[in-house]
1. Counting Lys and Arg as +1 and Asp and Glu as -1, what is the net charge of the other residues whose Cβ lies under 12 Å from the Cβ of Cys47?
2. Compute the helix-to-body angle for 2-11: its Cα long axis versus the longest principal axis of the chain, expressed 0 to 90° and rounded to tens.
3. So, with +1 on the Cβ of K and R and -1 on the Cβ of D and E, and no other charges, what is the size of the charge dipole of region 2-62 about its Cα centre, to the nearest 20 debye?
4. May I ask for the angle, rounded to the nearest 10°, between helix 15-24 and the longest principal axis of the chain, with both axes built from Cα atoms and the value confined to 0 to 90°?
5. May I ask you to list the GluC sites (Glu not before Pro) in the chain that are in a DSSP loop and have at most 12 other Cβ atoms within 10 Å of their Cβ?
6. When the helices in the chain are scored as -39500 (n - 2.57) per DSSP H run of 4 or longer and the sum is shared across all residues, what 222 nm value do you end up with, to the nearest 500 deg cm²/dmol?
Amino acid sequence: NIISQISLLEECELLEGALEELHKKESKIVDKLVYKEQEVSLLVKQCHLEEGEALYRALLSMNPDNYR
């Protein structure tokens with residue numbers, strides 16, 4: 001599973017590689033919500049705070065009950 005592989009990279013703190021891999025595999029990831037959640041997690045951990053905030057706000061507007 002692609003998301004599992006990317007999560008493993010994230011856990012190993014290979015954040016830049018994980019984000020790059022996520023972007024490369026975007027078309028193969030069917031669940032776009034999971035894609036965006038993974039992307040925002042990686043962005044924030046890399047201190048891309050403005051981009052991460054914008055994506056968090058978009059996710060919250062899509063599903064206000066999911067504030068994870």
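1. Numbers: positive: Lys45; negative: Glu16, Glu50, Glu51, Glu53.
Counting the neighbours of Cys47, the net charge comes to -3.
2. With both axes taken from Cα atoms, the answer is about 90 degrees.
3. Values: 7 positive and 13 negative charges, 57 e Å.
Taking the Cα centre of region 2-62 as origin, the dipole is about 280 debye.
4. So the inclination is approximately 80 degrees.
5. On the way: sites: Glu10, Glu11, Glu13, Glu16, Glu20, Glu21, Glu26, Glu37, Glu39, Glu50, Glu51, Glu53; in loops: Glu13.
Those that pass, being in a loop and sparsely packed, are Glu13.
6. On the way: 4 runs with 48 residues, N = 68.
Dividing the helical sum by the residues of the chain leaves -22000 deg cm²/dmol.
None of the figures in this text is laboratory data; all of them are computed from the coordinates on show. As the structure is a computational prediction, the values presented were derived from the model and not from experiment. Don't worry about glycine lacking a Cβ; one is built from the backbone with ideal geometry, like all the others, and counts go over all protein chains shown.
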